[in-house]
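Peer 1: The following block contains the structure, expressed as structure tokens.
The values are calculated or read from the model by the stated rules, or taken from the named source; none is laboratory data. Please read all numbers here as calculations on a predicted model, not as lab measurements. Please note: Cβ atoms are built from the backbone with ideal geometry, for glycine as well, and neighbour counts cover all protein chains shown. Side chains included, ligands, DNA and RNA excluded: accessible areas come from the protein's heavy atoms. Shrake-Rupley method; radii C 1.70, N 1.55, O 1.52, S 1.80 Å.
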Amino acid sequence: MRILVTGCSGFLGSAITHKLSQEGHEVIGIDVLPPIDFSGVWEFKRFDLSSPSLESDLTKDVGPCEAIVHAGACLSKDPLSKELSTVNCAGTHRLARLASQWGSRVFVYLSSVPVIGKPKKLPITEDHPLNPLTLYHASKLYGEYVIAHVPADFRKVILRITSPVGPGLKRRTIFTVFAENAANGSPLGVSGRGTRVQNYVDARDVASSVAKSLYSALARGVYNISGPKSISNLELAKTFIRLLNSSSTILTGITEDPEEGVIW
């Protein structure tokens, strides 16, 4: 299958590109920056999703693809970032139109479970009420609506991801900070009482979910993609100390946690 993967240089995009390439697909990865490792990319093309000429440029330089996996996004937490609109909203719209023009068979869109806002009922299912609390998550939800409602014949799959982790994770998150501090024997600081419960999913499992979405004609609509078990921030700190046989101590209450007691 000839597959276009957006955001191929990102954490999830690179895992997806490697997975699909290893399974023998003709993968064309696009991003604003080249990937560090080209071994999992059949072909790399530099494209900016915010470009008004994206559709014509991709048609000219890449050509029609049977499938599009849209993992590219602006991750800014700044509500004034114009890229949240030009990349996440307009870029997704352009790709949806492109898939329709190309006659693509399937479009897989990577979204985020927190588009629901704070959890109101457990377990969190795909029909949970939606109330994104940040402009980033609002932009991802906009992308979901674009894919779901674009008048086209391609199969539409929306994957809402929890917190992705795994080899190559470079973002400064509680997961990476705890890992580094435990490895160094430094204290692990926990906000509040550490009762916020979060869910982590391995990027390689996300990639497998994308592959299954491409293969199965029954895969349609929205799916939550999560790890098998959620864990509190306090228990996460204890787990890193145990696994790394670390001498680190845990410091609770270093700051208040605005999501104290929230369970994902």
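Peer 1: In the chain, which helices (entire DSSP H runs) extend 20 Å or more along their own long axis, judged by Cα positions, while averaging at least -0.5 on the Kyte-Doolittle scale?
Peer 2: 135-149
Peer 1: At a 1.4 Å probe, what is the % contribution of carbon and sulfur to the accessible area of region 1-156?
Peer 2: Here carbon and sulfur together make up 55 percent of the probe-accessible area.
Peer 1: With a 1.4 Å probe and all protein chains in place, put Phe107, Phe11 in order of accessible area, largest first.
Peer 2: Sorted descending by solvent-accessible area, the residues read Phe11, Phe107.
Peer 1: Here's another thing I want to ask about it. Find the accessible area per residue for the chain; the probe is 1.4 Å, ligands and nucleic acids are left out, and the unit is Å².
Peer 2: With the other protein chains kept in place, the chain gives 49 Å² per residue.
Peer 1: Across region 170-264, what fraction of all alpha-carbon pairs, as a whole percent, falls in each successive 5 Å bin from zero upward?
Peer 2: That works out to 3, 13, 18, 20, 16, 11, 8, 6, 4, 2, 0, in percent per bin.
Peer 1: Would you mind checking which residues have amide H under 5 Å from Val190's amide H? H placed 1.01 Å from N; only 5 or more apart, or other chain.
Peer 2: HN-HN under 5 Å from Val190: Leu251, Thr252, Gly253, Ile254.
Peer 1: Still on this structure: Taking every pair of alpha-carbon atoms in region 106-264, give the share separated by more than 27 Å as a whole percent.
Peer 2: The share of Cα pairs beyond 27 Å in region 106-264 comes to 32 percent.
Peer 1: Right, another one. Hey, can you rank 195-201, 238-244 by average C-beta count inside 10 Å, highest first?
Peer 2: 195-201, 238-244
Peer 1: Compute the convex hull volume of the Cα atoms of region 1-145, divide it by the residue count, and report the result per residue in Å³ as a whole number.
Peer 2: 114 Å³
Peer 1: With respect to the cross-link table entries Lys118/Lys140; Lys19/Lys60; Lys170/Lys212; Lys45/Lys77; Lys121/Lys229; Lys82/Lys140, which display a Cα-Cα separation exceeding 20 Å?
Peer 2: The answer is Lys19/Lys60; Lys170/Lys212; Lys45/Lys77.
Peer 1: Can you give me the solvent accessible area of Leu218 with a 1.4 Å probe, rounded to the nearest 10 Å²?
Peer 2: Number for this one is 150 Å².
Peer 1: Which cross-chain or sequence-distant (5 or more) residues have an amide H under 5 Å from the amide H of Ser232, H modelled 1.01 Å from N in plane?
Peer 2: Under 5 Å from the amide H of Ser232 lie the amide H atoms of Gln198, each far enough along the sequence or on another chain.
Peer 1: For n ≥ 4 DSSP H runs only, could you compute -39500 (n - 2.57) per run for the chain, divide by its residues and tell me the 222 nm figure to the nearest 500?
Peer 2: Only helices count here, giving -9500 deg cm²/dmol.
Peer 1: Can you work out the Karplus-derived ³J(HN,Hα) for every residue in region 161-170? Use 6.51 cos²θ - 1.76 cosθ + 1.60 with θ = phi - 60°, whole Hz, and x for glycine or proline.
Peer 2: Karplus-based 3J(HN,Hα) across region 161-170 equals 9, 7, 8, x, 9, x, x, x, 5, 10 Hz.
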